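Below is one structure, written out as structure tokens; the observations come after it.
The values are calculated or read from the model by the stated rules, or taken from the named source; none is laboratory data. From a predicted model like this one, the values you see are computed outputs, not experimental measurements. Positions of Cβ are generated from backbone atoms using ideal geometry, with glycine treated the same way; all protein chains shown enter the neighbour counts. Surface areas here come from the heavy atoms of the whole protein model, side chains and all, with no ligands, DNA or RNA. Shrake-Rupley method; radii C 1.70, N 1.55, O 1.52, S 1.80 Å.
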Amino acid sequence: FEDIDDTGADVFNRENKYKSDSFSQEFRLSSAGDWSMGSMPYNWVVGAITYKDEENLRNTIISGADVAPSFVGFLTVPGDHPNENSQNVERSGWAVFVDFSFDLSDRLTLDIGGRYANDEDKQWWRDTWASFDCGTRAVVGGVVGPLQPGCELRPDQSETQVYSDGGGGLYVTGGRFPNALQTDGANSGTDFSPRVALTWALSDQNNVYASVAQGYRAAGVRTSPDSGQLGRQVQVDGLPAGLETRSVYNKEKVTNYEFGWKARLNNGRTSIEAAVFRMD
């Protein structure tokens, strides 16, 4: 629960409720001891991983007691929810990977590996409402003005409370409007990221290496149906018109080039690791 108007007055507050669950499992199988390809020894690792992350956020912005008379008459009254929604996110995926380490000589080792991944991202909003879309209703001669088309009162607002605008006008809540457009989004993608590294042991306590490796950030989607107030957009040929508020984005790819030196000196009492790298 937080004060979001950044003033000493009770104007707008936000109440958020979060819940998240995460599961992942990795399996790995490694060689024990050296294998050989002809006269060349090698070792290997193969594995797989799966994961699933789920999140739920219940968001409610609440008009405080000091909203009147500043906002009364055109936006909201105390107790209204200018914005409320339930946001859901589900990200899941799996990957398989393999790595081979070849001893080209007593002091030269070549590592070759790769990872193939599949990722999915889903988001959906439910119970998405905005009271700003409906404004407020004037009370004239004790008669409350009608709700705007599409607006409705919350179950706890069946009994309306009358507020003054400070200038003689009386108002009640205008209710809330559902934002039901573009509430669902999904995206998925695959990736293959290889890695090649060469290590040269200058001595038993000293080596240099060079590597080229790729990585990625998965494709995804972001839904935000209430950001464009789409519930209030006009109809065009029977279809809702308005801005697309879903953001669908592809994966991001990075290639890392690295050169480094690792050493143990001073009879093992000093350890040095140094590297230079470039990321594209």
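Condition check for P178 on (1) open to solvent by less than 40 Å² (accessible area, probe 1.4 Å); (2) within 31 Å of the chain's Cα centre (by Cα); (3) more than 30 Å from D34 (Cα to Cα): one failure, at (1).
Apart from one condition, V45 fits all of (1) assigned to a strand (DSSP E or B); (2) surrounded by 15 or more Cβ atoms within 10 Å (Cβ to Cβ); (3) of a type outside the set (D, E, K, R); the exception is (2).
Tell me, which residue of the stretch 138-157 that is in a strand (DSSP E or B) and under 13 Å from Y171 (Cβ atoms) is least open to solvent (accessible area, probe 1.4 Å)? Steps first, please.
Filtering the stretch 138-157 for residues in a strand (DSSP E or B) gives 138-140, 143-144, 152.
Narrowing the set further to residues that are under 13 Å from Y171 (Cβ atoms) leaves 138-140, 143-144.
On the way: A138: 44, V139: 23, V140: 106, V143: 96, V144: 55 Å².
Per the criteria, the residue is V139.
Tell me which strands (runs of 3 or more DSSP E) are completely within the stretch 191-280 and hold 3 or more residues being at pLDDT 95 or above, or say none if there are none. Before the answer, list the steps.
Numbers: elements: 206-217, 220-222, 247-249, 252-265, 270-279.
Fully inside the stretch 191-280 and qualifying: 206-217, 252-265, 270-279.
Determine whether the stretch 115-129 contains at least one residue that is open to solvent by 80 Å² or more (accessible area, probe 1.4 Å), assigned to a strand (DSSP E or B) and closer than 19 Å to T76 by Cβ. Yes, that holds for at least one residue. The residues of the stretch 5-19 that are in a loop (DSSP other than H, G, I, E, B) and either of a type outside the set (A, V, I, L, M, F, W, C) or exposed (fewer than 11 other Cβ atoms within 10 Å of the Cβ) (or both), listed by number, are D5, D6, T7, G8, D10.
Please tell me if V172 is modelled with pLDDT of 90 or more and either within 30 Å of F71 (Cβ to Cβ) or open to solvent by less than 60 Å² (accessible area, probe 1.4 Å) (or both). Break it down stepwise before answering.
Working: modelled with pLDDT of 90 or more: yes; either within 30 Å of F71 (Cβ to Cβ) or open to solvent by less than 60 Å² (accessible area, probe 1.4 Å) (or both): yes.
Here the answer is yes, as V172 does meet what is asked.
W125 falls short on exactly one of the conditions (1) more than 22 Å from the chain's Cα centre (by Cα); (2) aromatic (F, W, Y); (3) farther than 30 Å from V98 by Cβ, and that condition is (1). Checking each residue in the stretch 20-42 for being open to solvent by 50 Å² or more (accessible area, probe 1.4 Å), free of Cβ contacts under 8 Å to residues at least 40 places away in the same chain and not in a strand (DSSP E or B) picks out A32, G38, S39.
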